[in-house]
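To start, the structure under review is shown below, and the notes come after it.
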Amino acid sequence: MEKYIPVVVIKELSETDRIMNALKNVGIHCAEITFRTACAAEAIALAAKNHPDMSIGAGTVINADQCRQALEAGAEFIVSPGLSVGVAKVCQEANIPYYPGCVTPTEIMQALELGITTVKFFPANIYGGLKALKALSAPFPQIKFIPTGGVDRGNIDEFLAFEKVAAIGGSFFVKEALEKWEEK
């Protein structure tokens, strides 16, 4: 798993290649394309086809139907803002990693029961940030976290220094990459 997982919102299909190229330009070979827009499935398919050197996933997947659409489009991993048993089952059947949003001990226990050991911690800034991750790590030493929401250049190093952080998710990676791409 890459250390940085850009959260990518593609509003128009034509943006896909530009965003993927900008991310690669700054050394990021991963993208979580969100299912928040009408062209999400097409954007995932286009990114997977045109950028086989990147790990393309689907984010904001909230039900099994969206998950199936994402997988059919070529998503290599699935991310949700919360935990969906339906999405977990589709991912298990397809042998695809699923990173559900989990911020409470109950949600983490449910993830563990489903065989999931890496979870999205979202929104990290609202649910206690690094202090909360450290507290949750004590009873759940087998869990790794992907904090997203409120992680930025000001605190990213603190999060990455914690051994229970598998990766950082954030839309700011896209903004930074596009700014550098446009400077070229």
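Classify the stretch 77-184: rounded, prolate or oblate, from the alpha-carbon gyration tensor (a ≥ b ≥ c, eigenvalue square roots; a/c under 1.5 rounded; otherwise prolate if a/b is larger than b/c)? Judged from the Cα gyration tensor, the stretch 77-184 comes out oblate (a/c at least 1.5, b/c at or above a/b).
Using the Cβ-Cβ distance between A135 and K3 with R0 = 22 Å, the FRET efficiency computed as 1/(1 + (r/R0)^6) comes to roughly 0.45.
Size descriptors for the chain (Cα atoms only): Rg and Dmax, in that order, 15.7, 48 Å. For the residues P52, P123, P100, a GNM of the chain with alpha-carbon springs under 10 Å puts the largest fluctuation on P52. Relative to the Cα centre, the charge distribution of the chain, modelled as +1 at Lys and Arg Cβ and -1 at Asp and Glu Cβ, gives a dipole magnitude of about 300 debye. The accessible surface of the chain, taken with every protein chain in place and a 1.4 Å probe, is 52 percent carbon and sulfur. Amide hydrogen proximity for G170: with H placed 1.01 Å from N in the peptide plane, the residues at 5 or more positions away or on another chain lying under 5 Å are I5, V7. Largest mean-square fluctuation among I62, I156, I33, in a Gaussian network model of the chain whose springs join Cα atoms under 10 Å apart, belongs to I156.
Summary of packing: across the peptides 55-61, 128-134, the per-residue average of other C-beta atoms within 10 Å ranks them, highest first, as 55-61, 128-134. GNM remark for the chain: springs join alpha carbons under 10 Å apart, and the peak mean-square fluctuation among A75, A135, A31 falls on A135. For the stretch 1-126, the solvent-accessible area with a 1.4 angstrom probe is 44 square angstrom per residue. Extending 7 Å from Cα along the Cβ direction at N95 and again at R68 yields two label points whose distance is 2.1 nm.
The values are calculated or read from the model by the stated rules, or taken from the named source; none is laboratory data. Computed from a prediction, not measured in an experiment: that's the story for all the values here. Positions of Cβ are generated from backbone atoms using ideal geometry, with glycine treated the same way; all protein chains shown enter the neighbour counts. These area figures cover heavy atoms from the full protein model, side chains too; ligands, DNA and RNA do not enter into them. Shrake-Rupley method; radii C 1.70, N 1.55, O 1.52, S 1.80 Å.
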